[in-house]
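The values are calculated or read from the model by the stated rules, or taken from the named source; none is laboratory data. Given the structure is predicted, the values throughout are model-derived calculations rather than measurements. A quick note on method: Cβ atoms are made from the backbone with ideal geometry, for glycine too, and the neighbour counts reach across all protein chains shown. Each accessible area value is taken on the protein alone, full model and side chains, heavy atoms only, with ligands, DNA and RNA left out. Shrake-Rupley method; radii C 1.70, N 1.55, O 1.52, S 1.80 Å.
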Amino acid sequence: MTKGEFRLAYAPGVTPGKWARVWAERVREVPLRLIQVPAAEAVPLLRDGGVDAAFVRLPVDREALHVIPLYVETTVVVVPKDHVVAAVEEVELADLADEDVFEPLDEVLTWADRPGQPAFTRPESTADAIGLVASGAGVLLLPQSLARLHHRKDLTYRPVTDAPQSQIGLAWLEAATTDLMEELIGIVRGRTPNSSRGRNPQQQPARKKPTQKHSAPKPRRRPRRRT
């Protein structure tokens, strides 16, 4: 944390707004500053001390890092609206065997064997690749969140059922597990403010034991005297 704020980096496609709103409600005295960075730069920035935590695309080098996997994204293929793929609900990689597939330099998916045919160029960025898809020069596979981020009216996308997927995780330095970091972890994991873990957990009042009512002792009967 620097200058009274907590700095949180996030890769393109991640939408940290819902967590930021909860932070603003619970940690009013420490502003949360969101910093979008290219996916490949999130971990180096974290290691250099440029941010306190980061939402990253897995896998990453976990040396000296704590990483909490959060969710897995659907992989989609982006095509022009008049493309044959637009007529179906989903496709398999085999359906793209004859397509020219772009591989931008900021690719976030990990492939054992890339599908289709290599396109005529490797675009500098996903945004550049989207522009080339719109021109009809090929198709692009990427996580659904990035397809939404780069939405265009002349393009559409369809899920690819057997493609590799991208996973999002929360990462921070092992040596920097502070109270504020614990607070962020609790928010991301959906813990309530009364959770037993976090920066300032609210103590639950101890339950009082019910008062036991003691009945008055019964008077002893005096033995009868024999006459």
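At a glance:
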| quantity | calculated |
| --- | --- |
| Environment charge of Pro80, counting only residues whose C-beta is closer than 10 Å and scoring Lys/Arg +1, Asp/Glu -1 | 0 |
| Average accessible area per residue (Å²) across the stretch 36-93 - probe 1.4 Å, nucleic acids and ligands excluded | 51 |
| Rounded if a/c under 1.5, otherwise prolate or oblate - the stretch 1-44, Cα gyration tensor axes | oblate |
| Other-chain or far-sequence residues with amide H under 5 Å of Glu103's (modelled H) | Ala119 |
| Net charge of Cβ neighbours under 11 Å - reference Ser125; Lys, Arg +1; Asp, Glu -1 | -3 |
| Karplus-derived HN-Hα couplings along the stretch 104-119 (A = 6.51, B = -1.76, C = 1.60, θ = phi - 60°), whole Hz, x at Gly and Pro | x, 5, 9, 3, 10, 8, 9, 10, 7, 9, 6, x, x, 10, x, 5 |
| Relative intensity, log₁₀ I(q)/I(0), of the stretch 9-109 from a Debye sum that treats every alpha carbon as a point, q = 0.18, 0.21, 0.22, 0.24 Å⁻¹ | -0.98, -1.15, -1.21, -1.35 |
| Distance in nm between pseudo-label sites at Glu5 and Gln117 (7 Å out along the Cβ direction from Cα) | 5.0 |
| Cβ-based net charge around Phe55, under 13 Å, with every Lys or Arg adding one and every Asp or Glu removing one | 0 |
| Sequence-separation-based contact order of the stretch 76-124, relative, with Cα cut under 8 Å and 6+ spacing, percent | 35 |
| Total charge dipole magnitude, the stretch 69-112, about the Cα centre, Cβ charges on Lys, Arg, Asp, Glu only, Debye to nearest 20 | 140 |
| Relative contact order for the stretch 11-98, counting Cα pairs under 8 Å that sit 6 or more residues apart, in percent | 21 |
| Packing-based order for 118-124, 139-145, 167-173, using average beta carbon neighbours within 10 Å, highest first | 139-145, 167-173, 118-124 |
| For Gln36, residues with placed amide H under 5 Å, excluding near neighbours | Tyr10 |
